[in-house]
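*Asks:* Pasting in a structure now, in structure tokens, and then I'll have a few things to ask.
Readers should treat all values here as calculations from the given coordinates under stated rules, not as data from a laboratory. Treat the numbers as computed from the prediction; the structure is a model and nothing was measured. Cβ sites come from the backbone with ideal geometry, for glycine too, and all protein chains shown count toward neighbours.
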There are 2 protein chains.
Amino acid sequence: MKPTDAELEILHVLWTNGPSTVRQVHDALSQNRDLGYTTALKLMQIMVEKGLLTRQEDARSHTYTAAVSEEATQQGLVDRFVETAFRGSASKLVMQVLGNHKASREELDEIKLLLDNLNRHDTPA
Amino acid sequence: MKPTDAELEILHVLWTNGPSTVRQVHDALSQNRDLGYTTALKLMQIMVEKGLLTRQEDARSHTYTAAVSEEATQQGLVDRFVETAFRGSASKLVMQVLGNHKASREELDEIKLLLDNLNRHDTPA
DNA sequence: TGTTTACTACGAAATTATTCGTAGATTAAT
DNA sequence: ATTAATCTACGAATAATTTCGTAGTAAACA
């Protein structure tokens, strides 16, 4: 399932803060942008229908939980993104990220470290 | 300017094949999926309005040219994608790509080579 | 108890993206 | 010179996403 941008925002809140009510999610999102309470509610209801969230109806204010993992979701998004934006070339994507000044020095170092480890554990071709 | 998916498809054709008519773009896209001729035409007209393409009206069938470079466009897409899908963490994105079985063995090797070169030319921290 | 407050449900407007049909014009073919 | 083929222009249907208003209901409170 491919979450939309608005749905992703909500998933991020739930991934970060754990199971939350609509009120809590709305409060979190409101710090970054204008968003009506019922808009958040409606989105989360739709996400339950889509299977992206589950809902506990115990109390009056329902509690929502992410039904998809952050890793699996991001994997799906990356797959799609590599396909549409880079015609399937993952290496081109990585190159673009590395050439990106928006990737901070720290991020670049982290990536290099990551690749070093990958090389170390890999049997050379 | 942020091209949509359909617009990206058209840009890819123009980046690959160079300046083309609607007919040529439509033929190229038709190999992959069903698409009406006037749909391609309409999209390309809109793209001219948006400044994504330029148009030479010399002949009866106009010739369209990409007005944005592949690199700059992909950079913008990556920036946006890192932001929305990875909350700004480029290294998480790269990690996800590397853990991706859809990134072929050849692609991974290519990426490693790339990073090796990056490390070689960089002054260590 | 009656009023305010907080919540869900849901219809539907507004926006954006994609799609194509039809009309009109120009060129090519018979 | 008609007819057929090919092109642009453009309105508009369709679909997907995002947004919010209104209604109804339950709880908290004065």
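*Asks:* Put the label 7 Å from Cα along Cα→Cβ for residue A:6; what are its distances to the other copies, in nanometres, shortest first?
*Replies:* 2.1
*Asks:* Just name one of A:16, B:8, A:96: the one whose Cα is farthest towards the positive end of the charge dipole of the protein assembly as shown (beta-carbon charges, Lys/Arg +1, Asp/Glu -1).
*Replies:* So the residue we want is B:8.
*Asks:* Whose amide H sits under 5 Å from the amide H of residue B:88, counting only residues 5 or more places off or on another chain, with H placed in the peptide plane?
*Replies:* Distant-sequence amide H within range of residue B:88: B:83.
*Asks:* How large is the dipole of the protein assembly as shown about the Cα centre if only Lys and Arg carry +1 and Asp and Glu carry -1, each at its Cβ, rounded to the nearest 20 debye?
*Replies:* Its charge dipole is roughly 440 debye.
*Asks:* Around residue B:8, under 11 Å between beta carbons, what's the net of Lys plus Arg minus Asp minus Glu among the other residues?
*Replies:* -3
*Asks:* Could you work out the relative contact order of chain A, using alpha carbon pairs under 8 angstrom and six or more residues apart, expressed as a whole percent?
*Replies:* After rounding, I find 20 percent.
*Asks:* Can you list the distances in nanometres, one decimal and ascending, from the residue B:71 label point to the identical position in each other copy, with the point 7 Å along Cα to Cβ?
*Replies:* When each copy's label point is compared with this one, the spacings are 3.6 nm.
*Asks:* Sequence-distant or interchain residues sharing an amide H contact under 5 Å with residue B:53, placed H: which?
*Replies:* So residue B:53 has HN proximity to B:48, B:67.
*Asks:* Let me know the charge dipole size of the stretch A:22-112 about its Cα centre in debye, to the nearest 20, where only the beta-carbon of Lys, Arg (+1) and Asp, Glu (-1) is charged.
*Replies:* 300
*Asks:* Please count, across the protein assembly as shown, the pairs of lysine residues with Cα atoms under 15 Å apart that sit 8 or more places apart or on different chains.
*Replies:* So the count of such lysine pairs works out to 9.
*Asks:* Report ³J(HN,Hα) in whole Hz for each residue of the stretch A:40-46, in order, from the Karplus equation J = 6.51 cos²θ - 1.76 cosθ + 1.60 where θ = phi - 60°; Gly and Pro get x.
*Replies:* Taking θ as phi minus 60°, the curve returns 4, 4, 4, 4, 5, 5, 4 Hz for the stretch A:40-46.
*Asks:* For residue B:30, go 7 angstrom from Cα along the Cα-to-Cβ vector, then report the distances to that same point in the other copies in nm, smallest first.
*Replies:* The answer, with the shortest distance listed first, is 5.5 nm.
*Asks:* Averaged across the residues of B:69-77, what count of C-beta atoms belonging to other chains lies within 10 Å of each residue's C-beta?
*Replies:* Mean shielding by partner chains, rounded to a whole number: 3.
*Asks:* Here's something else I'd like to know. Assign one of three labels to the protein assembly as shown, namely rounded, prolate or oblate, based on the Cα gyration tensor with a ≥ b ≥ c the square roots of its eigenvalues; rounded applies when a/c is under 1.5, prolate when it is not and a/b is larger than b/c, and oblate otherwise.
*Replies:* Taking the square roots of the gyration eigenvalues as a ≥ b ≥ c, the protein assembly as shown is oblate.
*Asks:* Can you show me the helix-derived [θ] at 222 nm for the protein assembly as shown, built from DSSP H runs with n ≥ 4 at -39,500 (n - 2.57) apiece and divided by the number of residues, rounded to the nearest 500.
*Replies:* Details: 12 runs with 158 residues, N = 250.
Estimated from H runs of four or more residues: -20000 deg cm²/dmol.
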